[in-house]
Amino acid sequence: MGYPKPETHPIRRVAARPAAALLAAVLTLALTAAWTVPALADVRKADLVMGETVEARGLTVAQCPSVAAEYVYVVDEDGQVYFDRNAEVETQIASITKIMTAIVALEQGSLDDVITVSQTAAKIGESSAELQAGDKLTLAEALKALMIPSGNDAAQAIAEFYGGRMLDSNGGDATNEYACNQAFVDAMNAKAQELGMTSSEFSNAHGLDFDEYTGSLHSTAKDVATMVAAAMQNDTFREVVSMGETTIKITRDGSPAGIRLEPTDELLGNYEGLCGVKTGYTEKAGNCFAAACNRGDRDVYCIVLKSTDEWQRFTDTSTLLDWVYGHTVNYALANSPETMQVNQNGQTLEVPVMARVGYPGWTDATFAVGLSNSSATVPLFDLNGNVSQEIQMKDLSGDIRVGDVVGKLVFSQHNQVVAEADLVALEEQRGPNPFEAIGVFFDRLLFGKTQAPDTLINQTPLLNDKTTASSL
């Protein structure tokens, strides 16, 4: 069975449909899968997990995501890269191009701008929002037509309209559709460079890459993630790509009309936390999907390029996101086997003792310290290695009272700081008076006595125990 045409098979959500429709959709999916070439998902030794190869980390197949896509990049909004497969290799990205189209349009215009669809835009073909020449619609509606059904017609109309505006402002010929389109594409490439997408180039606003659209259109999975992260900062974009089926309002032949749009995103509404973003397909690009997911704390961007078939791109995405969330743990900072009762603000609390630290005013005095927040946790990716900790004390003098911040406990994973927590005194420590200070001075001078050492009591439970695992 051959490949489908570029973005011509919108995938409908079936969760809320009647039983008969649901059964029909399931049978259709089963028949499609039966005729599809089996997806060759795998784990590769050269795949990068948190910046190191699977082989170097000694990970097992069971610990790694098995995916079919040739180019993959998974990163969160803070820049933490979880997975990388050929993510900096240039490739075609098909309709994922439309993300940049939306970014530029949102920067250039306002949502109530009225766009008129040209003959060129209406006849562009392939994935379509079913716009007709002469249709008028606002940018707000055009963005839905662009992103939800992956409308090439909407992409071209947007490019011509805002490209024309750019030309007009610079004294160019805004009646020349080709020149208008090129002005918009130039703005797309300028924005890509501004975002740091140094391995990306756009040649049109829709992403088609064959016949008359053959050109220098390419990007990388890493660059696409950068583009998605930038787009998701815009509330309008974020709202549009999270929509399911919807109807847009247009003006056709002078009268109001509506066009029903169906999403190409199979996971939208069917995968926990998925926010959208964009599918893509051409024969050169293969089956692609750029996704954003958020389960309440931060966005995770999952880029899958050149997967093996229309369904596998979604399987790859869910596999990767399941893997990220499945290996993310809320790591408790306080894991001390010792506790003590502390009276503070009229309350008696049982708190973990993190350490006993030496007081520099004496040669033999120590006092107990704990965390300012004993229930503090930090989200960690367990495959990145185990946690270490280090005490960093302030320069202490005078009397120490319960609750005083005296230093901090620094937690690291894979030689990178992942958390810092204030250490507070759990008991009082009196400082020496002037006469006692003289005695301490001579003890140090004559007898070589020093400050009592710090004793770390808190423990750091293992996140990744390799003693029972065999590597790939």
Does any residue in segment 438-459 that is assigned to a helix (DSSP H, G or I) come within less than 7 Å, Cβ to Cβ, of a residue that is among the charged types (D, E, K, R) six or more places away or on a different chain, and which pairs are these? Asp443/Lys449
Quick check on this structure: which one of Gly207, Gly172, Gly163 is within 19 Å of Ala102 (Cα to Cα) and assigned to a loop (DSSP other than H, G, I, E, B)? Gly207
Extreme residue, farthest from Phe202 (Cα to Cα), among residues of segment 159-181 that are of a type in the set (A, V, I, L, M, F, W, C) and out of contact with any strand residue (DSSP E or B) (no Cβ under 8 Å at 6 or more places or on another chain): Ala174
Tally, over segment 200-228, of residues that are open to solvent by less than 30 Å² (accessible area, probe 1.4 Å) and either under 18 Å from Arg85 (Cα atoms) or not charged (D, E, K, R) (or both): 16
I need every pair where a residue in segment 118-141 that is touching a residue at least 12 places away in the same chain (Cβ under 8 Å) and on the phi > 0 side of the Ramachandran plot has its Cβ under 7 Å from the Cβ of a residue that is part of a loop (DSSP other than H, G, I, E, B) and open to solvent by less than 30 Å² (accessible area, probe 1.4 Å), sequence separation at least 6 or different chains. Glu126/Pro6; Glu126/Glu7; Glu126/Leu208; Gly134/Val117
Taking segment 284-333 as the region of interest, how many residues are assigned to a helix (DSSP H, G or I) and either under 30 Å from Ala419 (Cβ atoms) or without any contact (Cβ under 8 Å) to a residue 40 or more places away in the chain (or both)? 10
Expected single match for out of contact with any Cys (no Cβ under 8 Å at 6 or more places or on another chain) and surrounded by 22 or more Cβ atoms within 10 Å (Cβ to Cβ) among Cys288, Cys302 is Cys288
Can you pull out every residue in segment 334-348 that is within 26 Å of Val378 (Cα to Cα) and either in a loop (DSSP other than H, G, I, E, B) or among the basic types (Lys, Arg) (or both)? Ala334, Asn335, Ser336, Pro337, Glu338
At pLDDT below 95 and not aliphatic (A, V, I, L, M): does that describe Cys180? yes
Sort out which residues of segment 250-276 are loosely packed, with under 13 Cβ neighbours inside 10 Å and either touching an Asp or Glu at 6+ places or on another chain (Cβ under 9 Å) or touching a residue at least 12 places away in the same chain (Cβ under 8 Å) (or both), and write them in order of number. Asp253, Arg260, Glu272
Give segment 175-201 a look and list any residue that's more than 18 Å from Lys306 (Cα to Cα) and either in a loop (DSSP other than H, G, I, E, B) or of a type in the set (Val, Ile, Thr) (or both), or say none. Thr175, Asn176, Val185, Gly196, Met197, Thr198
Restricting to segment 422-456, count the residues that are modelled with pLDDT under 80 and touching a strand residue (DSSP E or B) at 6+ places or on another chain (Cβ under 8 Å). 1
Take segment 339-389 and flag every residue that is over 30 Å from the mean Cα position of the chain (by Cα) and surrounded by fewer than 15 Cβ atoms within 10 Å (Cβ to Cβ). Met340, Gln341, Asn343, Gln344, Asn345, Gly346, Gln347, Thr348, Leu349, Glu350, Asp364, Ser372
Please specify each residue of segment 415-437 satisfying the condition of being under 23 Å from Val369 (Cβ atoms), open to solvent by 30 Å² or more (accessible area, probe 1.4 Å) and in a loop (DSSP other than H, G, I, E, B). Glu427, Glu428, Arg430, Pro432
Kindly indicate whether Asn294 is open to solvent by 40 Å² or more (accessible area, probe 1.4 Å), at pLDDT 95 or above and in contact with a strand residue (DSSP E or B) (Cβ under 7 Å, 6 or more places away or on another chain). yes
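Given the structure, is Ser412 at pLDDT 90 or above and open to solvent by less than 80 Å² (accessible area, probe 1.4 Å)?
yes
Considering only residues that are part of a strand (DSSP E or B) and of a type in the set (Ser, Thr, Tyr), look in segment 59-82 and name the one that is nearest to Ala231 (Cα to Cα).
Here is the first cut: in segment 59-82, the residues part of a strand (DSSP E or B) are 67, 71-76, 81-82.
Still in the list and also of a type in the set (Ser, Thr, Tyr): 71, 73, 82.
Values: Tyr71: 21, Tyr73: 17, Tyr82: 20 Å.
Among those residues, the one meeting the criterion is Tyr73.
The values are calculated or read from the model by the stated rules, or taken from the named source; none is laboratory data. What you see is a predicted model; the values in this text were computed from it and never measured. Note that we place each Cβ from the backbone using ideal geometry, even for glycine, and neighbour counts take in every protein chain shown. For accessibility, only protein heavy atoms count, side chains too; no ligands or nucleic acids. Shrake-Rupley method; radii C 1.70, N 1.55, O 1.52, S 1.80 Å.
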